[in-house]
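Participant: One structure coming up, written as C-alpha cells, with questions to follow.
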Amino acid sequence: MLHVALHILRTIERVLLAGLMLAMSLGYVINVIARNAVPVLAPRLAWIEEATLIALAWVVFLGLGLALERGRHITMSAFLGRIRGPAKAWIVGAINLVGLLFSLYIAKIGVDISVFVYNSGQVSPTLNLSVIWLYGAIPVGFALLALRYALELAGCSRRFDAARATPA
C-alpha cells in the first residue's frame, strides 16, 4: 500500500514539475516575442514574468524531494564510499535524521512566513494574487523533503543506492 501511495506521489510531482517547466518556457517565449515583435502588447503581458517567478519557486521546492529520492542532493560520496558495515548504516541514518529535522524546521518556518504574508493581505503587483502562492511553496516543498527523509529512515527508500544506479 505504501509503495502505491509513493508511486502516486511521484507521478503527481513529476506531472506538476513538467507542466510548470513547460508553462514557464512557453510564457518566456511568448513574452520575448511580444516584446520584440509587437512591443505594444508587452505591457499587457507583464503578468507573465510574475507567473513564471511563482512557477519557478514551486519547481525548486517541489523538486527537492524528488532530487533527494534519486540521490541527486549533495552527498559525501567520497567519505561514505570508504566506510563499510554498521558504521556506514549509522552515518547514513544520522544524515537522514538531521535532514528530516532540518526539513521539518524549515517547513515550520515556511508555514509561519506563509501565515504572516497571508494575514498581511499582501498581493502580487500584476496578478493581484495573494503572495501565499509564492511563499506556500516553501512549506510544501520542505514537507515533501521531510517525507523522503522519513522514508529513508524507515527503510522504504535507499537514495544512496539510487545515486549509484542512476546515471548523472
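Participant: Inside region 1-46, can you point out the residues that are more than 15 Å from the chain's Cα centre (by Cα) and modelled with pLDDT of 95 or more? So that I can check it myself, show each step before the final result.
Facilitator: Initial filter on region 1-46 (more than 15 Å from the chain's Cα centre (by Cα)): 1-8, 22-46.
Within region 1-46, Leu22, Ala23, Met24, Ser25, Leu26 meet the criteria.
Participant: Continuing with the same structure: Where in region 1-116 are there helices (runs of 4 or more DSSP H), lying fully within it, with 3 or more residues that are over 20 Å from Arg148 (Cα atoms), out of contact with any Pro (no Cβ under 8 Å at 6 or more places or on another chain) and touching a residue at least 40 places away in the same chain (Cβ under 8 Å)? Write out each step before concluding.
Facilitator: Working: elements: 2-37, 47-69, 77-80.
Because the criterion is at least 3 residues that are over 20 Å from Arg148 (Cα atoms), out of contact with any Pro (no Cβ under 8 Å at 6 or more places or on another chain) and touching a residue at least 40 places away in the same chain (Cβ under 8 Å), the helices (runs of 4 or more DSSP H) in region 1-116 that meet it are 47-69.
Participant: Next up: Of the numbered conditions (1) surrounded by 15 or more Cβ atoms within 10 Å (Cβ to Cβ); (2) acidic (Asp, Glu); (3) more than 16 Å from the chain's Cα centre (by Cα), Glu49 fails exactly one; give the number of that condition.
Facilitator: Of everything listed in (1) surrounded by 15 or more Cβ atoms within 10 Å (Cβ to Cβ); (2) acidic (Asp, Glu); (3) more than 16 Å from the chain's Cα centre (by Cα), Glu49 misses just condition (1).
Participant: If Asn119 meets every condition in (1) without any contact (Cβ under 8 Å) to a residue 12 or more places away in the chain; (2) in a loop (DSSP other than H, G, I, E, B) apart from one, which number is that one?
Facilitator: (2)
Participant: Okay, moving on. So in region 86-129, with the set limited to residues that are of a type in the set (S, T, N, Q) and within 20 Å of the chain's Cα centre (by Cα), which one is surrounded by the most Cβ atoms within 10 Å (Cβ to Cβ)?
Facilitator: As a first pass, look at region 86-129 and keep what is of a type in the set (S, T, N, Q): 96, 103, 114, 119-120, 122, 124, 126, 128.
Narrowing the set further to residues that are within 20 Å of the chain's Cα centre (by Cα) leaves 96, 103, 114.
Working: Asn96: 21, Ser103: 23, Ser114: 21.
Restricting to residues being of a type in the set (S, T, N, Q) and within 20 Å of the chain's Cα centre (by Cα), the top hit is Ser103.
Participant: Which residue pairs have Cβ atoms under 6 Å apart, sit 6 or more places apart or on different chains, and have a first residue in region 150-163 that is under 14 Å from Gly65 (Cα atoms) and a second that is at pLDDT below 75 and outside any helix (DSSP H, G or I)?
Facilitator: From region 150-163, the pairs are Leu151/Ser157.
Participant: Just checking, how many residues over region 72-123 are in contact with a helix residue (DSSP H, G or I) (Cβ under 7 Å, 6 or more places away or on another chain), closer than 17 Å to Ile138 by Cα and of a type in the set (Ser, Thr, Tyr)?
Facilitator: The total comes to 3.
Participant: If you go through region 76-92 one residue at a time, do you hit one that is modelled with pLDDT of 95 or more, among the β-branched types (Val, Ile, Thr) and in contact with a Phe, Trp or Tyr (Cβ under 7 Å, 6 or more places away or on another chain)?
Facilitator: To start, the set of residues in region 76-92 that are modelled with pLDDT of 95 or more comprises none.
Within region 76-92, not a single residue is modelled with pLDDT of 95 or more, among the β-branched types (Val, Ile, Thr) and in contact with a Phe, Trp or Tyr (Cβ under 7 Å, 6 or more places away or on another chain).
Participant: If you go through region 122-141 one residue at a time, how many are out of contact with any Gly (no Cβ under 6 Å at 6 or more places or on another chain) and part of a helix (DSSP H, G or I)? Full working, then the answer.
Facilitator: Of the residues in region 122-141, the ones out of contact with any Gly (no Cβ under 6 Å at 6 or more places or on another chain) are 122-137, 140-141.
Those left that are additionally part of a helix (DSSP H, G or I): 132-135, 137, 140-141.
The total comes to 7.
Participant: Right, something else. Could you list, in sequence order, all residues of region 1-48 that are under 20 Å from Ser124 (Cβ atoms) and either touching a Gly at 6+ places or on another chain (Cβ under 8 Å) or among the aromatic types (Phe, Trp, Tyr) (or both)?
Facilitator: Passing the criteria: Tyr28, Trp47, Ile48.
Residue-by-condition table, conditions (1) under 18 Å from Lys88 (Cα atoms); (2) modelled with pLDDT under 80; (3) of a type outside the set (Val, Ile, Thr); (4) exposed (fewer than 15 other Cβ atoms within 10 Å of the Cβ):
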| residue | (1), (2), (3), (4) |
| --- | --- |
| Ala137 | no, no, yes, no |
| Val140 | no, no, no, no |
| Arg158 | yes, yes, yes, no |
| Ala165 | no, yes, yes, yes |
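The values are calculated or read from the model by the stated rules, or taken from the named source; none is laboratory data. Remember, it's a predicted structure, so these values are computed and weren't measured experimentally. We place every Cβ from the backbone using ideal geometry, glycine too, and count neighbours over all the protein chains shown.
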